[in-house]
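What follows is a set of notes on a single structure, which appears directly below.
The values are calculated or read from the model by the stated rules, or taken from the named source; none is laboratory data. All values derive from a computational prediction rather than experimental measurement. Heads up, the Cβs are rebuilt from the backbone with ideal geometry, glycines too, and the neighbour counts pull from every protein chain shown. All accessible areas refer to the heavy atoms of the entire protein, side chains included, with ligands and DNA or RNA removed. Shrake-Rupley method; radii C 1.70, N 1.55, O 1.52, S 1.80 Å.
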Amino acid sequence: MKLKFLGTADSAGFPVHNCLCNVCVYHREKGLQNLSTSAYIKIDDSHILLDAGIENISNIFDGKKIKSIFLTHFHADHCLGLLRLRHSNDYIPCYHPKDENGFSDLFKHKHSIGYNEIKEFESIIVENIKFTSIPLKHSKNTFGYFIETKNVNIAYLTDCSGLPKESMKFLKNKKIDYAFIDACYDERKNTGNHLNYIQASDILDELKVKNGYLMHISHTTLEYILENNIILRYKYVKANDEFYLD
């Protein structure tokens, strides 16, 4: 059993179209890319998706069994891939926070996706893994997920400007082996719909996580870190990083 990241960037990803910053130039020259933050859990031959914002996700998982999808919210960079994945030959249940509009016409033309609205702190069990929704502060109704396997607990907290008191209280009462949290901004920006890496690190410290990581990075944040030799308390997770959960 493992958790693997498909992308760990913000909605722009990188390289950004025609951007000439050092980060984008390097990725372009090396043929590299980091797309919108999303991940999956692999259990034997089955897969559970955490968001589906990468457009060609249906190709990535072609020929593979998707047991379910846990959406954090309905911004395009977290659900764009559903526009094609909904034409799957398989029925795929999707769990998500309340959102009257969703994204595009996903609710109107569901096809193979079964949308299941879940409540705050509600738990869903898939493949003997327990997923509990964690309310986050963002511009859209957004959930993180507390994921409990037989041996490992994970806090997956993308796209947030902070955690409500109830969410902090819930997580403080849990043993957290791995925590992944939004840190889109660098220290020059401390307000908005996302956290900067200092704010995110403070939350990881407060939660006393065993292993903490940052994610949802922008190309401008990465460039600032590299140009200023910033020493981070926690590392940013990278695309294709894997974490074994057995």
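If you filter the range 38-90 down to residues that are touching a residue at least 40 places away in the same chain (Cβ under 8 Å) and basic (Lys, Arg), you find that the one that is nearest to Glu148 (Cα to Cα) is Lys42. Quick one: how many residues across the range 49-87 are more than 18 Å from Ser104 (Cα to Cα), surrounded by fewer than 24 Cβ atoms within 10 Å (Cβ to Cβ) and not aromatic (Phe, Trp, Tyr)? Total meeting the criteria: 9.
Within the range 225-236, residues that are under 25 Å from Glu206 (Cα atoms) reach partners that are of a type in the set (S, T, N, Q) with beta carbons closer than 8 Å, at six or more positions or on different chains, in the pairs Leu232/Ser201; Arg233/Ser201; Tyr234/Ser201; Tyr236/Thr8.
Please note which strands (runs of 3 or more DSSP E) are completely contained in the range 134-246 and include at least 2 residues that are surrounded by fewer than 21 Cβ atoms within 10 Å (Cβ to Cβ) and over 14 Å from the mean Cα position of the chain (by Cα).
Answer list for the range 134-246: 242-244.
Matching residues to (1) over 21 Å from Thr142 (Cβ atoms); (2) not hydrophobic (A, V, I, L, M, F, W, C):
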| site | (1), (2) |
| --- | --- |
| Gly81 | no, yes |
| Arg86 | yes, yes |
| Tyr91 | yes, yes |
| Glu117 | no, yes |
| Ser123 | no, yes |
| Val126 | no, no |
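Output the qualifying pairs, or none if there are none: Cβ atoms under 6 angstrom, residues six or more apart or on different chains, first residue in the range 1-30 and open to solvent by less than 40 Å² (accessible area, probe 1.4 Å), second residue aliphatic (A, V, I, L, M) and part of a helix (DSSP H, G or I). Filtered contacts from the range 1-30: Phe14/Val23; Val23/Leu222. Scanning for something in contact (Cβ under 8 Å) with a residue 60 or more places away in the chain, farther than 24 Å from Lys42 by Cβ and surrounded by fewer than 22 Cβ atoms within 10 Å (Cβ to Cβ), does the range 94-113 turn up at least one residue? Looking for residues that are in contact (Cβ under 8 Å) with a residue 60 or more places away in the chain, farther than 24 Å from Lys42 by Cβ and surrounded by fewer than 22 Cβ atoms within 10 Å (Cβ to Cβ), one finds none in the range 94-113, hence no.
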